[in-house]
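Trainee: Have a look at the structure that comes next, please.
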Amino acid sequence: MIEHPDKNFIDPIPIGIHKHPAYCAHVEEESDGNPWFHDIKEYLAKGKYPEHATHTQKCTLQRLVNHFFQSGGILYRKTPDLGLQWCVDAKEASRLLEEMHVETCESHNGFVLAKKILRARHFWMTMEIDCIKYAHKCHQC
């Protein structure tokens, strides 16, 4: 503990709350019919931002693009060990969850399921959350 010079008062910590979610966290549903990585693919292919993107969303998209690579129309995520992970949409992600869970059901852990999918070189942004939710739905888990 550090003694504060004025023992009766502690400086407040300013915390900002944004009205809109961060760009990269807003990938749970594909309401517009495009996969979560559509904007990243478009930016890599054409260098254009989405039409209604704010300045913050444009900056976030620029940072995200550094971690992705496109080859033959398929988007890959670069890993620190110079590997590539295939970016999948929601339909493919749910299929992968079911397949991998059948193989790893003995562990009964969402984190282990997520790591197994990552080792199989697949990726989507909400992978850990989806794996944990899927493991909670399993009666054995």
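Trainee: Go through the range 59-93 and count every residue that is of a type in the set (S, T, N, Q) and in contact (Cβ under 8 Å) with a residue 24 or more places away in the chain. First the steps, then the outcome.
Mentor: Taking the range 59-93 and keeping what is of a type in the set (S, T, N, Q), we get 60, 62, 66, 70-71, 79, 85.
Still in the list and also in contact (Cβ under 8 Å) with a residue 24 or more places away in the chain: 60, 70, 85.
Result for the range 59-93: 3.
Trainee: Now a separate question. Kindly indicate whether Phe123 is modelled with pLDDT of 90 or more and either in contact with a Lys or Arg (Cβ under 6 Å, 6 or more places away or on another chain) or more than 25 Å from Lys41 (Cα to Cα) (or both).
Mentor: Values: modelled with pLDDT of 90 or more: yes; either in contact with a Lys or Arg (Cβ under 6 Å, 6 or more places away or on another chain) or more than 25 Å from Lys41 (Cα to Cα) (or both): yes.
So Phe123 fits the description; yes.
Trainee: State the number of residues belonging to the range 49-68 that are open to solvent by 60 Å² or more (accessible area, probe 1.4 Å) and at pLDDT 90 or above.
Mentor: From the range 49-68, those open to solvent by 60 Å² or more (accessible area, probe 1.4 Å) are 49, 51-52, 54-56, 58, 62-63, 66-67; that's our starting set.
Checking the rest, the ones that are also at pLDDT 90 or above come to 49, 54-56, 58, 62-63, 66-67.
Of the residues in the range 49-68, 9 are open to solvent by 60 Å² or more (accessible area, probe 1.4 Å) and at pLDDT 90 or above.
Trainee: Another one. For the range 71-99, give me each residue that is modelled with pLDDT of 90 or more and touching a His at 6+ places or on another chain (Cβ under 7 Å).
Mentor: Arg77, Lys78, Gln85, Trp86, Val88
Trainee: Also: If Val112 satisfies all but one of (1) without any contact (Cβ under 8 Å) to a residue 12 or more places away in the chain; (2) open to solvent by less than 20 Å² (accessible area, probe 1.4 Å); (3) among the β-branched types (Val, Ile, Thr), what's the number of the condition it fails?
Mentor: Every listed condition holds for Val112 apart from (2).
The values are calculated or read from the model by the stated rules, or taken from the named source; none is laboratory data. Note that the coordinates shown come from a computational prediction; the quantities given were computed from them, not determined experimentally. Backbone-built Cβ (ideal geometry, glycine too); neighbour counts: all protein chains shown. The protein model used for the area step is the full one, side chains on, heavy atoms only, and it has no ligands, DNA or RNA in it. Shrake-Rupley method; radii C 1.70, N 1.55, O 1.52, S 1.80 Å.
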